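These notes concern the structure reproduced below.
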Amino acid sequence: MHYANYVKELRLDLIMKNIKTKLVINILFAWFGICLAVADLKTQSNPKMYEIDTKNQVLKQKQAWSRSTPLLGFRLETIDAKIYSIEKAGKPFVLLFLSTQCPVANQYIPRINRLRQTYPDTEVLGIYSNQEDHVEKIAQHVQRMKINFPVVRDFDSKLAEQIGAMMTPQAFLVNSNGEIFYAGSIDDNRYSNRVKNTYLADAIEEMLAGKRVTISQTKSFGCTIHQTEISSDQITYSRHIAPILQRHCQNCHRPDQVAPFSLLNYQDAKIWSTEIVSYTQKRLMPPWKAAKGYGEFKREKWMEDWEVDLLSDWVESGMIEGNLTDLPIPIIFNDGWSHGHPDLVVEMSTPYDIPAEGEDEYRHFVIPTDFDKDMYVSAFDVKPGNPRSVHHVIIYLDTSGRARELDAEDPQPGYSRFGGTGFDAAGWLGGWAPGIMPSPHPDGTGYLLPKGADIVLQIHYYKTGRVESDLSRVGLYFCDSVDPKQVHVAMAINNSFQIPADNSNYEVVAEWQPETDVYAVSVSPHMHLIGSDMRVTAVSNNGKIQDLIWIKDWDFSWQSIYHFRQPVFMPAGTIVRAVGHFDNSATNPNNPNHPPKSVTWGEKTTDEMFIAFLDVIEAKDFQPKEISTLPLIELTNQ
């Protein structure tokens with residue numbers, strides 16, 4: 001009896017437990033279903049929002065796009081780590097949502113390729129928001145479909161959700177203020193030979209002409225966007241850090257280059273994370289000295305504040321590697337000539353052995369030319385013989401023969417000279433540094449290479465701790481115009497200053513005025529070791545001022561030639577004014593004089609210079625397509 005009751009109670013207890021377990025499981029499944037439903041409402045396509053388009057025999061939106069919120073702070077990162085933003089581009093964008101698998105989107109790619117060529121003043125960006133489209137898959141799609149415009153991986157489908165994109169292909173025409181002028185299909189038929197209405201092209205033409213866009217919304221047809229179900233704000237190397245290092249660091253930080261260590265992968269970044277954060281926060285790296293907002297330049301190497309913050313936040317959050325499929329397409333480094341094979345290659349006459357120890361060295365190598373007429377150099381490139389030691393190269397021209405004399409006086413190859421060249425240069429061909437590809441001059445223009453001139457390479461050598469050997473080469477590209485126009489070198493120069501000992505903020509001013517209308521295409525400040533800063537402005541005849549460049553933290557080791565993004569027009573009589581300061585105090589670690597002494601102009605390490613070089617082209621010889629539109633300022637406090 002007792003046994004029977006025990007069994008009955010045990011069976012009842014097990015039944016109750018089973019019921020409870022099933023109830024819990026059912027509740028969990030119900031809750032999971034609700035979560036999925038919520039996620040589905042947020043991120044997945046709803047069949048009720050679509051219908052079959054009878055003309056194209058594919059899905060179509062039932063209602064056209066209807067949002068109107070501008071894209072503020074618009075910034076996108078391509079799969080090869082380039083940044084695009086409306087604020088920087090200053091021109092309209094077409095955001096085209098694509099898929100690696102949608103057959104309709106693929107049918108439109110040739111049309112978009114042609115559209116980009118037809119409207120060069122409008123930027124086209126392909127956006128991949130499908131959760132299944134990872135970076136490598138997108139890269140393969142770009143290559144297979146011969147896409148000629150930059151493309152973006154929309155991680156977590158954030159842009160699609162922000163802008164309201166639902167289909168591929170779907171186009172959004174955005175003006176330079178982030179306002180959406182058109183949203184919808186590219187045209188009215190997936191088959192190009194049947195197209196009657198070119199909605200996107202018409203909208204671009206109307207917007208560029210300053211007219212109201214007649215048709216601003218249409219229903220998109222094609223394939224739905226498969227948005228990511230779970231988004232993540234976690235900072236990872238693959239998604240966030242690798243693109244930054246690729247943009248700013250890897251040109252130098254790779255094997256057999258001038259940087260002391262590589263930053264090509266996750267392990268590199270993790271090992272050197274302390275150095276990365278410390279040097280970027282202090283703005284010592286990457287080595288771009290031009291202050292932001294004071295002139296606009298080609299190939300700027302400035303690291304944005306948000307990038308610096310991301311590096312620091314990644315380290316603080318534990319340096320997570322992330323998903324390898326999120327990595328950007330790696331750079332294929334071009335160790336050949338950057339502008340194709342040169343018209344002429346010149347090189348040092350004999351290798352130079354760089355000592356293992358001591359201060360950095362500035363050595364000059366004379367390379368004779370044998371041209372029987374004047375030549376015009378439109379571009380150049382440098383192939384350092386030893387990338388580990390060659391810090392930078394400046395190419396001067398000598399017609400006096402003095403450089404040859406200095407070379408003959410020095411028993412080693414070339415001759416040593418700090419700060420200057422030892423001769424009055426007849427001109428220059430420009431400067432080179434690792435990671436900075438020299439910019440060609442505008443078509444039909446170039447530096448004058450006088451008949452019989454010597455090319456003099458001023459090479460800054462970095463000591464590596466062992467003896468290094470260098471045999472550097474220079475490639476020259478000549479202007480092929482029948483009537484080439486000269487790029488002149490102008491100077492705002494002051495060589496009559498005297499910097500008192502113990503003065504930590506001594507001001508020097510230099511000016512230059514063009515006698516005729518000119519366009520400035522580059523600027524290059526120059527001081528020696530105790531320089532602190534230099535600001536260069538252009539003061540027009542009506543007193544308005546335009547900033548050309550401001551180097552707030554001068555470093556002699558990182559001097560460069562800064563090419564303006566667009567030429568700067570300077571009417572005759574414009575005053576180019578350079579204002580700089582010197583720290584001749586005992587607390588300046590760069591001061592070569594201990595104790596400090598009075599310093600004047602000269603070429604020695606203990607002397608100083610103050611020059612703002614400008615490359616200019618006379619306006620009568622040159623009409624650029626675009627000129628600088630930097631805002632005029634009211635100069636107050638330096």
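Below, the figures for the structure above:
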read-out	value
Any hit, region 515-526, residues being open to solvent by less than 20 Å² (accessible area, probe 1.4 Å), at pLDDT 95 or above and of a type in the set (D, E, K, R)	no
Odd one out for Phe181, checked against (1) hydrophobic (A, V, I, L, M, F, W, C); (2) open to solvent by 40 Å² or more (accessible area, probe 1.4 Å); (3) within 20 Å of Leu59 (Cα to Cα); (4) in contact with a Ser or Thr (Cβ under 7 Å, 6 or more places away or on another chain)	(3)
Helices (runs of 4 or more DSSP H) contained in region 256-347 and holding at least 1 residues of a type in the set (D, E, K, R), open to solvent by 30 Å² or more (accessible area, probe 1.4 Å) and modelled with pLDDT under 95	305-316
Condition met for Arg283 (of a type outside the set (A, V, I, L, M), under 30 Å from Trp554 (Cα atoms) and over 24 Å from the mean Cα position of the chain (by Cα))	no
In region 552-571, the residues that are more than 19 Å from the chain's Cα centre (by Cα), open to solvent by less than 30 Å² (accessible area, probe 1.4 Å) and within 23 Å of Ile395 (Cβ to Cβ)	Trp554, Phe556
Qualifying residue in region 189-204 (condition: within 30 Å of Trp314 (Cα to Cα) and surrounded by fewer than 18 Cβ atoms within 10 Å (Cβ to Cβ))	no
Count of region 50-86 residues which are farther than 24 Å from Ile331 by Cα, in contact (Cβ under 8 Å) with a residue 60 or more places away in the chain and not in a loop (DSSP other than H, G, I, E, B)	7
Among residues of region 143-178, those that are under 15 Å from Thr100 (Cα atoms), touching a residue at least 40 places away in the same chain (Cβ under 8 Å) and among the β-branched types (Val, Ile, Thr), counted	3
Conditions (1) surrounded by fewer than 22 Cβ atoms within 10 Å (Cβ to Cβ); (2) out of contact with any Phe, Trp or Tyr (no Cβ under 8 Å at 6 or more places or on another chain); (3) assigned to a helix (DSSP H, G or I); (4) touching a residue at least 12 places away in the same chain (Cβ under 8 Å): number failed by Arg116	(2)
Every residue from region 472-511 that is of a type in the set (Asp, Glu) and at negative phi	Asp480, Asp483, Glu507, Glu511
Flag for Gly430 being within 24 Å of His339 (Cβ to Cβ), of a type in the set (Gly, Ala, Ser), open to solvent by 20 Å² or more (accessible area, probe 1.4 Å) and modelled with pLDDT under 95	no
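The values are calculated or read from the model by the stated rules, or taken from the named source; none is laboratory data. The structure presented is a predicted model; accordingly, all values stated were derived computationally and were not measured. All Cβ positions, even for glycine, are placed from backbone atoms using ideal geometry, and neighbour counts span all protein chains on display. Keep in mind that these areas ignore ligands, DNA and RNA; they rest on the heavy atoms of the full protein, side chains included. Shrake-Rupley method; radii C 1.70, N 1.55, O 1.52, S 1.80 Å.
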